[in-house]
1. Could you give the nm distance between label points at SER265 and ASP145, where each point is 7 Å from its Cα heading toward the beta carbon?
2. When the dipole is taken about the Cα centre of segment 106-170, and only Lys, Arg (+1) and Asp, Glu (-1) are charged at their Cβ, what size is it in debye, to the nearest 20?
3. Using a simple spin-label model with points 7 Å from Cα along the Cα→Cβ vector, what separation in nm is obtained for ARG341 and THR232?
4. List the aspartates and glutamates whose Cα sits under 18 Å from the Cα of LYS440, skipping any in the same chain fewer than 8 residues away.
5. Less than 15 Å from a label point 7 Å out along the Cα-to-Cβ axis of PHE176: which backbone N atoms in segment 144-164 qualify, by residue?
6. Going by amide H atoms built from the backbone, whose H comes under 5 Å of the H on ALA356, apart from near neighbours?
7. So, taking all protein chains as they sit and a 1.4 Å probe, how much accessible area belongs to SER64, in Å² rounded to tens?
8. Roughly how many percent of the accessible protein surface of segment 297-341 is carbon and sulfur, given a 1.4 Å probe and a whole-percent answer?
Amino acid sequence: MTRAGIAVLVVVVGAAAAFAGYRYAVSRMEHPPAAAPAAGAERKVLYWYDPMQPQQKFDKPGKSPFMDMQLVPKYADEAAGAGTVSISPQMVQNLGVRTAEAKTGAIEERFEAVGTVAFNERSVVQLQARAAGFVEKLHARAPLDPVKKGAPLVELLYREWAGAQEEYLLLRKSGFSELAQAARQRLMLLGMSEVQVAVVEREGKVAKRFTLVAPISGVIAELGVREGSTVTPGMTLFRLVDLSTVWVNAEVPEAQTSWVTPGASVEARVQAYPGRAFEGRVGAILPEVSAATRTVRTRIEVPNPDAILKPGMYATISFRQGRKAQSVLVPSEAVIRTGTRDVVIVALGEGKFRAAPVELGFESGGQSEIRKGVQAGDKVVLSGQFLIDSEASLSATVARLEGTLEAHKGRGTVSEVDAGKGRVELDHEPIPSLQWPKMKMGFVVENRAQLAALKKGDAVEFELRPRPEPDGSYVISRIGRKP
C-alpha cells in the first residue's frame, strides 16, 4: 500500500472513531443509564408478562398460559411511558422551563370582533318636495351640518298652491260650504298639511312661501337643493339622521356566530376615546356570510347621546355571554397547535415530561378549556414546550424506526408449512435477543414466495421483526434453508 493510501486509511479510521465517540456521548446525555439499585435493595416489580404476548399482564409469577415458558417480570426502573422524554436538570434550567398547574374553573365566553360605526338607518328622515316650485331661501347650506328640531331648513314658493288657496278663500267667503269643502280637500291633495291649511284659514290670505323645518335633531346626511333651484314633486330635498343612537356593524367570525344572540349586551371601544367603553346591544344578526372574509355582519345598537361616535370610525366589540360550567383550565400559552392536533406538555417531575394530546374547548382571557387529555392538578409547561415536544416526537420516531429495523435472528426446524395462508410452524432454538427459550410456534411470513422452497423437516435460518401494529407479536421477514 502506498503512503497516500495509508494516510487516507488513517484519516477514515480516525473520523469513524470520533463519530462513534460523539454518538456515545450524545446517547449518554439524552438517555443516562438508570442508577443501579443499592446493595440489598429489591427492585420493584410492576407485573409479569409473556414475551410472546406482552400485551397480557399478570400479577404474579408462574408459567405462561400461552407458551411452555416462565413469565418474565417487568421492573419499575425499566418502565417508560409512551411519549415521555427525560431531560437533565441543567438542560431544564437552560431551556427556561416554566410550569403552571391545571385548575378547575369556569371560563367566560368572551371574544372580540372589529366593526365600523354607521348611521342608524331606522332614525333617518327624508324630506321631499310636495309640488313644483322654487327655492327662495336656503337656511341649511352644507351636508353633515347639525340641525335642531324645528329649525328652518328652506323656504319654498309653490305657485300651484297659491292659486288653489285663492279659490278656497273665495268659496269660503261666498258661503258655498260644499264647494269650499271640496276646495279645501284639493289643497290637501296638492300636498299642503293640515297645519298649513289652518294657517291660511286663520289669517284669511294666501301664503305664497312656505318654510320647511327640521322634524328631528341630527345632521344633514344628504342635501339635494341649492338656493334658486327648481324643485319637482317627489324630489329629495334633505335627508336627516338622528345621531343619538348609532350602529356598529361588527364582522363576527363564522365559527363564533353561535355565541352571539340578539339582545345580548356588548362593549364597544374606539381609538379616539381609549379610556371609554360604550355599552350597546346586539340589534340583529344579518342572514349572510361574506365569501371573502367568512364573517357574519352583526348590527350593534350603541347609544350616542353626546354624538361623539362618528360614522366611519373603527371600533372593537367585546362579546360576552356569561360563564360556562366548571371545567379544567390551563393557560393558553401552554397549548401547542400543530394544525392536526393540540398538545400540552405535562411535567411529571424528576426531569420527565410527557406530550399529552388534548381536546380544546373555548378560549377566553388567556385561559383555554381542556375537555380531554389533562386533569386538574397536572403541571403543564408554559415555556420551552416546543423543544420538549420536538424531543418527544424525535424519540418516538427513533423508537419506531429502531423497532422497524430491528431484526432478531434464529434457527430451527420446519414443522409445518401453509403457503396459502403464508404461515410456517417452527421448532426453533432459543433466541437470546428476545429472551425466548426453545419452543414450537407458528409465524406469519411476509414474503410468501420464500415458503415455496421449504418443506417439513428442513433446517432453516430466519429473522423476526415486530409487527407494524403495536400488538407485541412478530413476523418472519426472511427465512431460508440453513447452508
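1. Label-label distance for SER265 and ASP145, simple model: 4.1 nm.
2. 180
3. The modelled label-to-label distance comes out at 7.3 nm.
4. The reachable aspartates and glutamates, counting only those whose Cα sits under 18 Å from LYS440, are ASP50, ASP68, GLU416, ASP418, GLU425, ASP427, GLU429, ASP458, GLU461, GLU463.
5. The answer is 164, whose backbone nitrogens lie closer than 15 Å to the label point.
6. Residues meeting the amide H criterion: VAL344, ILE345, VAL346.
7. So the heavy atoms of SER64 present about 10 Å² to solvent.
8. About 50 percent, which is the carbon plus sulfur part of the accessible surface.
The values are calculated or read from the model by the stated rules, or taken from the named source; none is laboratory data. Note that the coordinates shown come from a computational prediction; the quantities given were computed from them, not determined experimentally. Cβ sites come from the backbone with ideal geometry, for glycine too, and all protein chains shown count toward neighbours. Side chains included, ligands, DNA and RNA excluded: accessible areas come from the protein's heavy atoms. Shrake-Rupley method; radii C 1.70, N 1.55, O 1.52, S 1.80 Å.
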